[in-house]
Each structure stands twice: as C-alpha cells, then as structure tokens.
Amino acid sequence: MKIDAHQHFWNPARGDYGWMPADNKILYRSYLPHDLEPYLKKLEIDKTILVQAAPSIEETEYLLGLADSSSFVAGVVGWINFENPNDYAQLERLSKHPKFVGVRPMVQDISDRNWVLRKDITWAFDAIEELDLTFDALGFPQHLENFQKCLLKHKEMRTVIDHFMKPQIVDHSEDNFKFWADGISALAEDTSAYIKFSGLITEASEEWTIDALQPYVEHILRKFGASRMLWGSDWPVCRLRAEYDVWHGAASELTAHLSSDDKAHVFGQNAITAYKLLV
C-alpha cells in the first residue's frame, strides 16, 4: 500500500490561515479532494494523511468532515490549544473519530523557542500518550535540541518529525548543514521518532536539483534508516516549487538505491505504523 503521509486541504475563505499570503496565487485558493485525486490515481497512491494548516479546532473539524467524504484519507492530524488544559476534553472528543490520528502545534510560528519545554503544556503531551495518538513535530533546525529534550520526557509518545525539520537547503553551507545534521543525529539516536521525507523542495531554491537534496536524504537514511522515514508530498505547498508528480519522482529517484522492502516502508508501511492507521 502506498501512502502520502503529509498533505493539506484548505479554503482561505474560512479566515483562519493567518500564515498564508493573500497575494500568493499558488497558495491562496481552495484545495479540496477533487484537486488531489487525479495525482493519487496517476501514481497509484492508495491513502493519505491529511494535516492541519490552521491553529483552530474548527479547521480540524472541517478536515474530519472532508476525510469522512474522501475514502483515500486514512488519517487526520489536527490541532488543539496546548496552552489551554480545558482542551483535553476537545482532544478526547476528537480522538473518538476513527480517522483522527494525532495533533500538530505550529511550533515554527511560535516566537518562544523553548515553548515545547514549558511546564504548563506538559498535560497535552501526557494526553497524546494517554489517548494513543501521534505528535507531529513542526519546526526549524533551532528547535531540534528542545524537541529532543521534550521527547526524552515523553518516551512513550509516538512522534513524527515533519519535513526533516526544515534544513536550510537554499542557504546551504558547511556550518548550517552541520548544525542541522548534529541535531538530527541526536534526535535519531536518543528517541524513537519517525521523520517525514517531505517539504524539502520548498526549503530549496526555485532551481532546486536532486543533487542539492541528496546530502540531506543520505544523512536521514544513515541516522533514521528506511524503517523510520516516511514520504509525504506536502501538497499543495510543494506547488511553490513543483507539482505533486514531480516531487514524487524526485523522491523516488533519491531512494532508488533502496531495497524493495525499504521502499515499501518509506512509501507506505511506516505511515501505517507511525499513525496506527486502520487500513
């Protein structure tokens, strides 16, 4: 089974996508199941993980509604307010939906770099463990150290690191690569987290190449292995650099040397395990 472990749907008219530039013609439009389905059929992708893109429970409920009417959506990663312990009730309610698989706070947009270590949000990580959900870690290389500390405090929490933690591919330098690689290595060695092979081309230049991405993929494979890496499209955000099938082709080329079993894990099986999918 082939699974896209990271895609989005949205409608800007909802009004809760504060990060989305209204003048961006690629992003600032509705993206719905009928827009994605042709790519899935063309590439024989069976299922997807639909991920939140707005910090609101209302958007999570909107996504669950789309998932209910889309047979290819296997799971939804939603959002709750980690800063409001009363949202435990919301998380418990959402967790009863058969397609609700996890939560993702938008750490990359939070100015406090130490946010994940705040004592007043510990309840949320405890609740994720208690309710047998998955935590999606979204951030930048500067967040790696604190994510590692957080995950060491919550060792039983299933975690997926989004987008290789967004390395600075467009500003590639020996120092930038080492800072990212050292943080990734520690996270891989000290935790049981999975990592998403997604979002790379949007961290690269408009003239991105396979060669520019390869050192990052090689490092992840060395440290996490194919058994903990899962491919995602990050569609429609990927359209800032390439269409869905182009990124899928690049990812396939970057993993062409893997065994057929390893490829099956990267492009499907690991998503089933990381999100406990009922497929």
If I ask for residues that are closer than 20 Å to I210 by Cα and aliphatic (A, V, I, L, M), which ones from segment 237-279 would you list? V237, L240, A242, V246, A250, A251, L254, A256, L258, V266
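Give segment 2-56 a look and list any residue that's at positive phi and of a type outside the set (D, E), or say none. Don't jump to the end; show me each part of the working.
From segment 2-56, those at positive phi are 15, 44; that's our starting set.
Matches in segment 2-56: G15 only.
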In segment 66-125, what count of residues is obtained for those that are modelled with pLDDT of 95 or more, in contact with a Leu (Cβ under 7 Å, 6 or more places away or on another chain) and not hydrophobic (A, V, I, L, M, F, W, C)? 9
Across segment 193-241, what is the number of residues that are touching a Phe, Trp or Tyr at 6+ places or on another chain (Cβ under 8 Å), closer than 25 Å to D35 by Cα and of a type in the set (A, V, I, L, M, F, W, C)? 7
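Considering only residues that are in a loop (DSSP other than H, G, I, E, B) and on the phi < 0 side of the Ramachandran plot, which ones fall in segment 212-241? Break it down stepwise before answering.
To start, the set of residues in segment 212-241 that are in a loop (DSSP other than H, G, I, E, B) comprises 224-225, 232-234, 236, 241.
Residues satisfying the conditions are F224, G232, S233, P236, R241.
Count, please, the residues in segment 263-279 that happen to be part of a helix (DSSP H, G or I) and surrounded by fewer than 18 Cβ atoms within 10 Å (Cβ to Cβ). Spell out how you get there, then give the answer.
Within segment 263-279, the first condition is being part of a helix (DSSP H, G or I), and the residues that meet it are 263-275.
Imposing the further condition that a residue be surrounded by fewer than 18 Cβ atoms within 10 Å (Cβ to Cβ) reduces the set to 264, 273.
Residues in segment 263-279 being part of a helix (DSSP H, G or I) and surrounded by fewer than 18 Cβ atoms within 10 Å (Cβ to Cβ): 2 in total.
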Specify the residue that is nearest to D4 (Cα to Cα); the eligible residues are those in segment 229-254 that are in contact (Cβ under 8 Å) with a residue 40 or more places away in the chain and of a type in the set (S, T, Y). S233
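Taking A251 as the residue in question, decide whether it is under 19 Å from the mean Cα position of the chain (by Cα), hydrophobic (A, V, I, L, M, F, W, C), assigned to a helix (DSSP H, G or I) and surrounded by fewer than 17 Cβ atoms within 10 Å (Cβ to Cβ). Even if it seems obvious, please write down each step before you answer.
Details: under 19 Å from the mean Cα position of the chain (by Cα): yes; hydrophobic (A, V, I, L, M, F, W, C): yes; assigned to a helix (DSSP H, G or I): yes; surrounded by fewer than 17 Cβ atoms within 10 Å (Cβ to Cβ): no.
Against the criterion (under 19 Å from the mean Cα position of the chain (by Cα), hydrophobic (A, V, I, L, M, F, W, C), assigned to a helix (DSSP H, G or I) and surrounded by fewer than 17 Cβ atoms within 10 Å (Cβ to Cβ)), A251 does not qualify.
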Residues located in segment 21-36, provided they are surrounded by 14 or more Cβ atoms within 10 Å (Cβ to Cβ) and either outside any loop (DSSP other than H, G, I, E, B) or at pLDDT below 95 (or both): Y31, P33, D35, L36
Checked pairs for segment 118-139, first under 15 Å from K96 (Cα atoms), second aromatic (F, W, Y), C-beta under 8 Å and 6 or more apart or across chains, list as A127/Y88; I128/F135; L133/F100; T134/Y275
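The values are calculated or read from the model by the stated rules, or taken from the named source; none is laboratory data. This structure is a prediction, so every number in the text was calculated from the model and none was measured. In this analysis, Cβ positions are derived from the backbone assuming ideal geometry, glycine residues included, and neighbour counts consider all displayed protein chains.
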